[in-house]
Amino acid sequence: MLRRHTLKSYEKDFGADEHKTLFFKSPADVKNTAFLTYDYDDSSKDDDQWLYLPALKKVKRIPSADKSSSFMGSDFSYFDMTDRDLEDYDFKLLKETKVRGHDAWMIEATPRNQEVIDESGYTKTIAIVRKDNYMVVRAINFMTNGKKKYLDLKKIHNEGGIWLVDEMTMTTKKAKTTVHKTILTFDNIELNKQIDDNVFTTRRLEKGL
């Protein structure tokens with residue numbers, strides 16, 4: 001069954017940290033749901049996440065124990081919605097390869113402790129990193145339940161020296177069988193626009209767009 005969601009997102013660089021807010025516009029059953037992430041550069045701090053559910057009229061903080069859970073029924077988890085702390089992983093270069101005609105590295109990332117495994121839900125990740133822009137354009141995430149999640153940045157482009165994603169997919173598979181698939185497409189992207197800091201507060205989640 002195909003379900004389509006429309007969202008509007010805001011993202012702002014606060015120097016060491018990045019904040020992101022997502023507002024769901026449709027369908028009707030998720031309209032006005034909102035999500036806020038504080039992505040900290042300090043690896044000793046856990047990223048903060050909050051979800052506003054209009055039906056409950058309540059903002060819920062996402063605890064670390066729940067970050068491996070599905071984000072709004074998609075193949076992306078709450079953990080996937082933030083950047084990974086590189087200090088939490090050991091890396092191994094598997095080989096050099098190509099992806100869509102571009103030179104790339106295939107790198108294996110293994111969590112350094114059980115805490116990272118429990119939070120992410122992944123025992124390891126094999127990522128394809130393009131050499132020209134250092135973007136992870138493909139990845140296989142090995143889940144603790146034996147399934148695998150395949151990330152693919154199908155379309156990207158460079159705008160003013162900044163690489164942006166136009167389309168990406170996350171596919172959950174059990175062995176060779178596709179269990180579920182999520183497709184994200186991005187349009188109407190505006191860079192370097194002034195955004196009020198209040199957009200990145202739990203109070204704004206309740207107010208909506």
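Data overview
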read-out: Of the criteria (1) assigned to a strand (DSSP E or B); (2) touching a residue at least 24 places away in the same chain (Cβ under 8 Å); (3) of a type in the set (A, V, I, L, M, F, W, C), which one Ile156 fails; value: (2)
read-out: Residue match in the range 95-102 (condition: closer than 21 Å to Lys149 by Cβ and touching a Ser or Thr at 6+ places or on another chain (Cβ under 9 Å)); value: no
read-out: Output for the range 25-43, where each listed residue is in contact with a helix residue (DSSP H, G or I) (Cβ under 9 Å, 6 or more places away or on another chain) and at pLDDT below 90; value: Ser43
read-out: Which numbered condition Ile189 misses (of (1) of a type in the set (A, V, I, L, M, F, W, C); (2) surrounded by fewer than 17 Cβ atoms within 10 Å (Cβ to Cβ); (3) modelled with pLDDT of 95 or more; (4) under 24 Å from Phe23 (Cα atoms)); value: (3)
read-out: Leading residue by the ranking (nearest to Met168 (Cα to Cα)) among those in the range 53-107 that are at pLDDT 95 or above and among the polar types (S, T, N, Q); value: Ser74
read-out: Residue count, the range 65-74 (criterion: exposed (fewer than 15 other Cβ atoms within 10 Å of the Cβ) and part of a loop (DSSP other than H, G, I, E, B)); value: 2
read-out: In the range 12-24, the residues that are under 21 Å from Thr185 (Cα atoms) and touching a helix residue (DSSP H, G or I) at 6+ places or on another chain (Cβ under 9 Å); value: Lys12, His19, Lys20, Thr21, Leu22, Phe23
read-out: The range 75-117, subset among the charged types (D, E, K, R), free of Cβ contacts under 8 Å to residues at least 60 places away in the same chain and under 30 Å from Arg4 (Cα atoms), residue surrounded by the most Cβ atoms within 10 Å (Cβ to Cβ); value: Arg84
read-out: Residues of the range 123-153 that turn out to be among the small types (Gly, Ala, Ser) and either assigned to a strand (DSSP E or B) or modelled with pLDDT under 95 (or both), as a count; value: 2
read-out: Check on Thr82, of a type outside the set (D, E, K, R), over 22 Å from Glu11 (Cα atoms) and in contact with a strand residue (DSSP E or B) (Cβ under 6 Å, 6 or more places away or on another chain); value: no
read-out: Strands (runs of 3 or more DSSP E) contained entirely in the range 1-64, each with at least 3 residues that are surrounded by fewer than 16 Cβ atoms within 10 Å (Cβ to Cβ); value: 6-13, 58-61
read-out: Condition met for Asn145 (more than 19 Å from the chain's Cα centre (by Cα) and not hydrophobic (A, V, I, L, M, F, W, C)); value: yes
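The values are calculated or read from the model by the stated rules, or taken from the named source; none is laboratory data. Here the structure is a predicted model, which means the values were calculated and not measured. All Cβ positions, even for glycine, are placed from backbone atoms using ideal geometry, and neighbour counts span all protein chains on display.
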